[in-house]
Amino acid sequence: MEMTPTFTIRGFEQNDLDGVMEINRTCLPENYSASFFLDVHAKFPEGFLVAVNDNTVVGYIMCRLERGFSETSKFRFVKKGHMISVAVLPEHRRKGIASELVKQAGRSLVEKEAEEYYLEVRVSNKSAQDLYDRLGFKQARTISFYYHNGEDAIVMNKSLM
Ligand SMILES: CC(C)(COP(=O)(O)OP(=O)(O)OC[C@H]1O[C@@H](n2cnc3c(N)ncnc32)[C@H](O)[C@@H]1OP(=O)(O)O)[C@@H](O)C(=O)NCCC(=O)NCCS
């Protein structure tokens with residue numbers, strides 16, 4: 001029997017800030033100030049989503065709308081979505097929450113006519129790479145020494161066209 005998801009996805013609200021920052025600190029070494037989260041939200045609210053379970057925020061995704069060179073055809077300047085951060089609390093993982101967050105943010109990007117959706121992921125973060133693979137992202141290139149500890153990043157990209 002298929003399990004019914006017990007979470008809902010909705011747009012980030014200012015009241016969610018503490019919860020989102022706590023998830024960010026728990027799950028990722030890249031942490032940001034409150035004003036950074038609020039600024040990302042103000043610029044593209046539809047790209048900042050939270051997953052809620054029993055009135056508690058258990059995951060989030062935040063994306064930025066950018067313009068830049070395409071990852072696939074080097075001389076084309078395109079509108080693209082940058083997934084800045086996504087995380088789900090450990091006790092709520094493997095329930096499809098991140099997949100749903102990534103897909104819904106992708107739909108917001110399509111509505112804004114973004115042509116591509118990209119992100120950076122640590123070379124060592126195989127579980128996240130698996131997640132993005134399954135959602136149709138392809139490895140585009142690596143960036144050496146991208147992270148504070150000197151680790152390389154893989155840039156993964158998905159066409160939204
Ligand atoms: C990566 C992360 C966001 C995934 O969240 P999640 O809600 O558990 O992901 P989903 O349930 O949607 O997983 C979908 C698929 O991704 C892959 N996947 C996710 N976590 C995995 C893991 N720990 N090991 C192997 N594959 C994994 C699987 O293919 C999974 O499908 P399955 O459960 O049917 O096998 C979560 O593990 C997390 O918050 N990690 C720490 C923060 C982080 O690394 N963020 C990404 C930075 S780029």
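The values are calculated or read from the model by the stated rules, or taken from the named source; none is laboratory data. Just so it is clear, the model here is predicted, and its values are computed rather than measured. Neighbour counts run over all protein chains shown; Cβ positions are idealised from the backbone, glycine included.
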Filter result (touching a helix residue (DSSP H, G or I) at 6+ places or on another chain (Cβ under 8 Å) and outside any loop (DSSP other than H, G, I, E, B)) within segment 150-161:
I154, M156, K158
Could you check M3 against (1) modelled with pLDDT under 95; (2) more than 22 Å from Q139 (Cβ to Cβ); (3) touching a strand residue (DSSP E or B) at 6+ places or on another chain (Cβ under 7 Å) and say which number it fails?
(3)
S99 passes all but one of the listed conditions (1) part of a strand (DSSP E or B); (2) free of Cβ contacts under 8 Å to residues at least 60 places away in the same chain; (3) among the polar types (S, T, N, Q); the exception is number (1)
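Of the residues Y132, Y60, Y147, only one is more than 25 Å from F7 (Cβ to Cβ), within 11 Å of the ligand (Cβ to nearest atom) and either touching a residue at least 12 places away in the same chain (Cβ under 8 Å) or not in a helix (DSSP H, G or I) (or both); which?
Working: Y132 fails: more than 25 Å from F7 (Cβ to Cβ); Y60 fails: more than 25 Å from F7 (Cβ to Cβ).
On inspection, the qualifying residue turns out to be Y147.
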Given the criteria crowded, with 20+ Cβ neighbours inside 10 Å, touching a helix residue (DSSP H, G or I) at 6+ places or on another chain (Cβ under 9 Å) and not in a strand (DSSP E or B), does V20 qualify?
yes
Has segment 113-122 got at least one residue that is within 24 Å of N31 (Cα to Cα), surrounded by fewer than 18 Cβ atoms within 10 Å (Cβ to Cβ), at pLDDT 95 or above and of a type in the set (F, W, Y)?
no
Can you give me the number of residues within segment 81-123 that are within 10 Å of the ligand (Cβ to nearest atom) and more than 12 Å from the chain's Cα centre (by Cα)?
8
Screening A140, A51 for residues that are part of a strand (DSSP E or B) and touching a helix residue (DSSP H, G or I) at 6+ places or on another chain (Cβ under 9 Å) leaves only A51
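A quick yes/no check of all residues on (1) touching a Cys at 6+ places or on another chain (Cβ under 8 Å); (2) surrounded by fewer than 16 Cβ atoms within 10 Å (Cβ to Cβ):
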residue	(1), (2)
N31	no, yes
F36	no, yes
F44	yes, no
V57	no, no
S73	no, yes
H82	yes, no
Restricting attention to segment 140-158, which residues are within 16 Å of S70 (Cβ to Cβ) and surrounded by 14 or more Cβ atoms within 10 Å (Cβ to Cβ)?
A140, V155, M156, N157, K158
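Would you be able to tell me the number of residues in segment 97-149 that are among the aliphatic types (A, V, I, L, M) and closer than 14 Å to L49 by Cβ?
6
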